[in-house]
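Colleague: Have a look at the structure that comes next, please.
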Amino acid sequence: MSLTSIIITTHNRPKLLRRAVESAFAAGANLEVIVVDDASTDETATVCRDLTGIKYVRVERNQRVAGARNLGLLASSGQYITFLDDDDVRLPGSLDKQIKLLETNSEAGLIYGQAILVDQSGTPTNQSYPRICHQGDVLWELLGQNFIPCGTAVFRRSCIDRVGLPDQSLAGIDDWDLWIRIAELYSIMALPEPVMYWRRSTPASQQGTSAASRIVLQSVEQFQQSWKNLPRVLSASHEMKRRAWRHFSANMSAHLSFEVLRALRHRQLVQATKNLFALLRLSPAAMLRLLRINNAHSPR
Amino acid sequence: MPSVSIIIPTCNRPQLLPRAVESARAAGTDVEIIVVDDASHDETAAVCARLSGIKYIRLERNQGVAGARNVGILASSAEFVAFLDDDDLRLPGSLDWQTGTLAAARGAGFVCGAMLIADQNYRPTGAVSAPPEMDGDVFWQLLELDFPVMPLSLVIRKQCFLSIGLLNRRIPGIDDWDILVRIAELFPGITSAEPVGIYRQPTPCSGQGSSVQSDQLARAANHQLQLFELPRVKALSKSERQAIRRRTINRITDTLLWNAWRSLPQKEFGFAVANIATALRLNPFRALRPAVVRRMGTTLSERLSERNSDPSGLKSPTA
């Protein structure tokens, strides 16, 4: 089996990092673990010195997640690549299972799996995401929604030579963008079972609500400027394109509506307003729907 | 393991590429030549198949020059990297001495040489673009654009990218300046007036559009504000930062005006207008100094009167 590189990017979270690294080592037999320390200002460097067997990359100027992932790629030598966040945990043996499957299909560029959702206290829930694992030519499904949890995806290094590196200016959606670019040219596989524990973002974490409207607007821009212009999308029928946009914008407005309600519940009025404006730009109809729901729920 | 990788991004220029590759081959004894074909849709792939001893990477989707360079950096197996555009040339032996110098200076991040400016037919015009000769910290000169930056004249220690990141795809045309400023913030550099390459200077009518150069300079002026976020700049006092900003804007304005003035005799009026408009936007007071206006006026009226007296001047230039 060829070498796999697990690229773990981290920034000021030394407590969680160790668990992520240990889970990475247990996930497969022939692998290298690369920890990219994205200009942490705490004891991360010291913690990494104690972690045996890792390849430690110290970035001096903060690159944010996507830029740090690219530097992990630069430091890596594996034929297969996977990214792991410092608060994620890979399941034992999961990587070997995925790669074995990927090696059975030379047409496939990437294989993903399910993630067990973990709540804020760190306890696993009984939910896995995604519930349905699309396989094969998934470009059109992916355009509507990112159903590939970043840490579960393993892809061939050779994909990068054809589609380019992750776009470091797309903070928060760089993985989605990369999956779409890979799915445009390659078939995608899935191992329909959990391969990692995944702590999703919440208001308390740094990726909380304040980022939600920015990420949605950035996704919309990326859809319009880039994804829509991928050759396979351009040459598709009008109906296909329309369906993809409808799926995408429905998903985005659902996401924003949820964030508005969450911000309201936490009495973050500024944030709620920001998200509402983002929603208004994306889909006025969805906003009306939201206002109606909100009225129905508000105490009288 | 080769000592240096020379990364040549190319897009739809199969007639020029082989010459660039041959010059790269002659530039060093231990060179890995990486051609990154940025989704060309002509016979570039076939031309590359005939070139022996290169590492050919075929991007199926266009990534732009910076994106293609990044893919090249990723594919490189050497300790040092150099960049070459598909229409420029490296001088024989130049990579050998640059890598030798950089290998000997252990802490240095890059070595920068000079380049000969050539016309569209690779004929040297006699002009040389050379960096100020200095060793060590060139950060401030780079930040102020007081330094001719050309990827062609550089050899960079690959390790540096791990500290400061890869090239930025979102700033076409100035990604090389941006990366060098970031490297120089942390690593000393070595500069030399020794020519290492031949730069094929674009003319306003060489198909790159009359406003490309002025757009790039405007983008650089804009982008400098982002570079002001670097810790070494942030540590300065406000008045020091303002002084840097003022000098840079003045320098860019002067360059724009000079480009405009220089293009008047060639009757590249679109180019001149684009440059003057950008200069006016950046620093109207400097652009409207009486001396500048007078000089532009004189040149312009000379051209115009020549045009009226000489009917051949009315003919459109043949391609």
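The values are calculated or read from the model by the stated rules, or taken from the named source; none is laboratory data. Quick caveat, the model's predicted, so the values are computed rather than measured. Here the Cβ is made from the backbone with ideal geometry for all residues, glycine too, and neighbour counts use every protein chain on show. Heavy atoms of the whole protein, side chains included, go into the accessibility calculation; ligands, DNA and RNA do not. Shrake-Rupley method; radii C 1.70, N 1.55, O 1.52, S 1.80 Å.
Colleague: For chain A, what does the relative contact order come out to in percent, with C-alpha contacts under 8 Å and a separation of six or more?
Modeller: In percent, rounded to a whole number, it is 17.
Colleague: Sorted by accessible area (1.4 Å probe), largest first, how do B:M296, B:M115, A:M1 line up?
Modeller: A:M1, B:M296, B:M115
Colleague: Using helices alone, I'd like the mean residue ellipticity at 222 nm for chain B: each DSSP H run of four-plus residues gives -39500 (n - 2.57), total over residue count, nearest 500.
Modeller: -14000 deg cm²/dmol
Colleague: Rounded to whole Hz and in sequence order, give me ³J(HN,Hα) for segment A:81-98 from the Karplus expression 6.51 cos²θ - 1.76 cosθ + 1.60, θ = phi - 60°, writing x for Gly and Pro.
Modeller: Result, rounded to whole Hz: 10, 9, 9, 9, 7, 5, 9, 8, 9, 7, 7, x, x, 5, 5, 4, 4, 5.
Colleague: A further question follows. Please give the solvent-accessible surface of B:Y199 in Å², to the nearest 10, using a probe radius of 1.4 Å with every protein chain present.
Modeller: Taking all protein chains as shown, B:Y199 has close to 40 Å².
Colleague: Let me ask another. According to a simple spin-label model (label point 7 Å from Cα along Cα-to-Cβ), what is the distance in nm between A:Q225 and A:R49?
Modeller: 4.2
Colleague: What nm distance separates the two modelled labels at B:L236 and B:K55, each placed 7 Å from Cα along Cα→Cβ?
Modeller: Between B:L236 and B:K55, the label points sit 3.8 nm apart.
Colleague: Under a plain spin-label model, where a point goes 7 Å from the Cα along Cα-to-Cβ, how far apart in nm are A:A211 and B:M134?
Modeller: 4.0
Colleague: Is it possible to state the helix-based mean residue ellipticity at 222 nm for chain A, with each DSSP H run of 4+ residues giving -39500 (n - 2.57), the sum divided by total residues, to the nearest 500 deg cm²/dmol? What is it?
Modeller: Mean residue ellipticity, 222 nm, calculated: -15000 deg cm²/dmol.
Colleague: Compare the Cα positions of A:M287, A:L276, A:H266 along the charge dipole of segment A:208-297 (+1 at Cβ of Lys, Arg; -1 at Cβ of Asp, Glu; about the Cα centre) and return the one farthest towards the positive end.
Modeller: In segment A:208-297, that residue is A:M287.
Colleague: Angle check, please: helix B:94-104 long axis (alpha carbons) against the longest principal axis of chain B (alpha carbons), in degrees 0 to 90, nearest 10.
Modeller: Its long axis makes an angle of about 60 degrees.
Colleague: Heavy atoms of the protein only, probe of 1.4 Å, neighbouring chains included. What is the accessible area of A:H11 in Å², nearest 10?
Modeller: Solvent-accessible area, nearest 10 Å²: 70 Å².
Colleague: Here's something else I'd like to know. Write down, largest first, the equivalent ellipsoid semi-axes of segment A:3-161 in whole Å, where each equals the square root of 5 times an eigenvalue of the alpha-carbon gyration tensor.
Modeller: They are 25, 18, 15 Å, listed from largest to smallest.
Colleague: Given 20 °C and 1.002 mPa s, how large is the Stokes-Einstein diffusion coefficient of chain B in µm²/s, with Rh as the Kirkwood radius over Cα pairs?
Modeller: 102
Colleague: Can you tell me the relative contact order of segment A:208-297? Whole percent, Cα pairs under 8 Å, sequence separation 6 or more.
Modeller: 31
Colleague: Something else: Got a sec to turn the phi values of segment A:5-22 into Karplus ³J(HN,Hα) couplings, 6.51 cos²θ - 1.76 cosθ + 1.60 with θ = phi - 60°, whole Hz, x for Gly and Pro?
Modeller: Taking θ as phi minus 60°, the curve returns 9, 9, 9, 10, 9, 9, 8, 6, 9, x, 5, 7, 4, 3, 5, 4, 5, 4 Hz for segment A:5-22.
Colleague: For chain B, set up a GNM with springs between Cα atoms under 10 Å and report which of B:L51, B:L180, B:L236 has the largest fluctuation.
Modeller: The residue with the greatest mean-square fluctuation here is B:L236.
Colleague: Which FRET efficiency, nearest 0.05, do B:A193 and B:L280 yield, Cβ-Cβ r, R0 45 Å?
Modeller: After rounding, the FRET efficiency stands at 0.85.
Colleague: Give a residue-ordered list of calculated ³J(HN,Hα) values for segment B:131-142 (Karplus: 6.51 cos²θ - 1.76 cosθ + 1.60, θ = phi - 60°; whole Hz; x for Gly, Pro).
Modeller: Per residue, the Karplus-derived 3J(HN,Hα) values read x, x, 6, 7, 10, x, 7, 10, 4, 5, 4, 5 Hz.
Colleague: What accessible area per residue, rounded to a whole number of Å², is obtained for chain B using a probe radius of 1.4 Å?
Modeller: Per residue, chain B has 44 Å² of solvent-accessible surface.
Colleague: Moving to a separate point now. Arrange the residues B:S153, A:S235 by how much accessible surface each exposes, largest first, with a 1.4 angstrom probe.
Modeller: My answer, sorted largest first, is A:S235, B:S153.
Colleague: Could I ask something else about it? Could you please state, rounded to a whole Å, how far the C-alpha centre of segment B:223-262 is from the C-alpha centre of segment A:14-43?
Modeller: Using only Cα atoms to place each centre, the spacing works out to 40 Å.
Colleague: Hey, got the Cα dimensions of segment B:11-160 along the principal axes, in Å, largest first?
Modeller: Result for segment B:11-160: principal-axis Cα extents of 43, 36, 30 Å.
Colleague: As an exercise, find the ratio Rg/Rh for segment A:208-297 from alpha-carbon atoms, using the Kirkwood inverse-distance average for Rh.
Modeller: My calculation puts Rg/Rh at 1.05.
Colleague: Please state the equivalent ellipsoid semi-axes for segment B:170-311: what are the square roots of 5 times the Cα gyration tensor eigenvalues, largest first, in whole Å?
Modeller: Semi-axes from the Cα gyration tensor: 33, 20, 13 Å.
Colleague: Counting alpha carbon pairs within less than 8 Å and at least 6 residues apart, what relative contact order, in whole percent, applies to chain B?
Modeller: 16
Colleague: Which part of segment B:149-170 falls in the paramagnetic zone of B:A103, meaning amide N under 17 Å from the point 7 Å along Cα-to-beta-carbon?
Modeller: B:155-159
Colleague: Kirkwood Rh, chain A, all Cα pairs: how many Å?
Modeller: 20.2
Colleague: Using 17 Å as the cut-off for backbone N distance, which residues of segment B:213-237 belong to the label zone defined by a point 7 Å from the Cα of A:R61 along Cα→Cβ?
Modeller: Counting backbone N atoms under 17 Å from the label point, the list is B:220-236.
Colleague: A follow-up question, please. Using Stokes-Einstein with the Kirkwood hydrodynamic radius over Cα pairs, what translational diffusion coefficient do you get for the protein assembly as shown at 10 °C and a viscosity of 1.306 mPa s, in µm²/s rounded to a whole number?
Modeller: The Stokes-Einstein estimate is 59 µm²/s.
Colleague: Once amide H atoms are built 1.01 Å from N in the peptide plane, which residues 5 or more positions from A:E193, or in another chain, come under 5 Å H to H?
Modeller: It is A:Q114, by chain and number.
Colleague: On alpha-carbon atoms, Rg over Rh for segment B:4-68 using Kirkwood Rh?
Modeller: Value, to two decimals: 0.94.
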